[in-house]
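Asks: Structure incoming, see below.
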Amino acid sequence: MSHVNDPPSSILDTMTTDDMPASLRELVGYVGIKIAIKLVKTFGGRGVYVPTNPTDQHVICTTLLTGEAKLLADAYGGEQINVPSCATYIKKKRDRRIVSLRNSGKTIGWLSEQFNLSERAIFEITRQK
């Protein structure tokens, strides 16, 4: 069950390949959705160097299991990869949740507090949907 204002990392757990930007779908094709989502949660919006032989001390290995890091290295070893933030997906999911809660009777003020957004922002989100 989701909470009123799930953090972006938990929202990403509901992502399917259809929701993903093309760059993330490519990554999923090499390493699978589970590893790709781990990378987005940790490195989203940033570039990360993937060593050809990752060691336990490398940042990749502090995020991924050894076998997962090896799989990533097999696909991208020696390259800098840009991991998308998926901010658009996260915002769309948040906005849908806000609209749903507003339609169920929650007030603009309550939504503003729950989602840490201004009342004006909540009004704009619910007005557009």
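Asks: Give the range 43-57 a look and list any residue that's outside any helix (DSSP H, G or I) and not small (Gly, Ala, Ser), or say none.
Replies: Matches in the range 43-57: 46, 48, 49, 50, 51, 52, 53, 54, 55, 56, 57.
Asks: Turning to a different aspect of this structure: Mind listing whichever residues of the range 86-129 are in contact with a helix residue (DSSP H, G or I) (Cβ under 7 Å, 6 or more places away or on another chain), assigned to a loop (DSSP other than H, G, I, E, B) and of a type in the set (S, T, N, Q)?
Replies: Selection gives 118 alone.
Asks: What number of residues in the range 8-27 are more than 23 Å from residue 116 (Cα to Cα), in a helix (DSSP H, G or I) and either not assigned by TED's automatic domain parsing to the domain that holds residue 59 or not basic (Lys, Arg) (or both)?
Replies: 8
Asks: Has the range 28-42 got at least one residue that is more than 22 Å from residue 11 (Cα to Cα), modelled with pLDDT under 95 and either among the hydrophobic types (A, V, I, L, M, F, W, C) or not in a loop (DSSP other than H, G, I, E, B) (or both)?
Replies: First, the residues of the range 28-42 that are more than 22 Å from residue 11 (Cα to Cα): 30.
Narrowing the set further to residues that are modelled with pLDDT under 95 leaves 30.
Subset that is either among the hydrophobic types (A, V, I, L, M, F, W, C) or not in a loop (DSSP other than H, G, I, E, B) (or both): 30.
Yes.
Asks: Does residue 25 count as at pLDDT 90 or above, of a type outside the set (Asp, Glu) and closer than 26 Å to residue 123 by Cβ?
Replies: no
Asks: How many of the residues in the range 36-58 are surrounded by fewer than 18 Cβ atoms within 10 Å (Cβ to Cβ) and more than 24 Å from residue 20 (Cα to Cα)?
Replies: 7
Asks: Within the range 83-102, track down each residue that is of a type in the set (S, T, N, Q) and surrounded by 13 or more Cβ atoms within 10 Å (Cβ to Cβ). Lay out the reasoning, then the answer.
Replies: Narrowing the range 83-102 to residues of a type in the set (S, T, N, Q): 85, 88, 100.
Once the filter is applied, which keeps residues that are of a type in the set (S, T, N, Q) and surrounded by 13 or more Cβ atoms within 10 Å (Cβ to Cβ), the range 83-102 yields only 85.
Asks: Oh, and also: Going through 24, 101, 111 one at a time, which residue ends up being under 20 Å from the mean Cα position of the chain (by Cα) and not acidic (Asp, Glu)?
Replies: Matching residue, one of 24, 101, 111: 24.
Asks: So which of 60, 108, 98 is free of Cβ contacts under 8 Å to residues at least 40 places away in the same chain, in contact with a strand residue (DSSP E or B) (Cβ under 9 Å, 6 or more places away or on another chain) and not small (Gly, Ala, Ser)?
Replies: 60
Asks: Of the residues 81, 60, which single one is assigned by TED's automatic domain parsing to the domain that holds residue 12, farther than 30 Å from residue 111 by Cβ and at pLDDT below 95?
Replies: Values: 81 fails: at pLDDT below 95.
Every option except 60 fails the conditions.
Asks: If I filter the range 62-70 for residues that are surrounded by 15 or more Cβ atoms within 10 Å (Cβ to Cβ) and in contact with a Leu (Cβ under 8 Å, 6 or more places away or on another chain), do I get at least one hit?
Replies: Scanning the range 62-70, I find at least one residue that is surrounded by 15 or more Cβ atoms within 10 Å (Cβ to Cβ) and in contact with a Leu (Cβ under 8 Å, 6 or more places away or on another chain), so the answer is yes.
The values are calculated or read from the model by the stated rules, or taken from the named source; none is laboratory data. Keep in mind that this is a model prediction, so the values were computed, not measured. With ideal geometry, Cβ positions are generated from the backbone for all residues, glycine too; neighbour counts draw on all protein chains shown.
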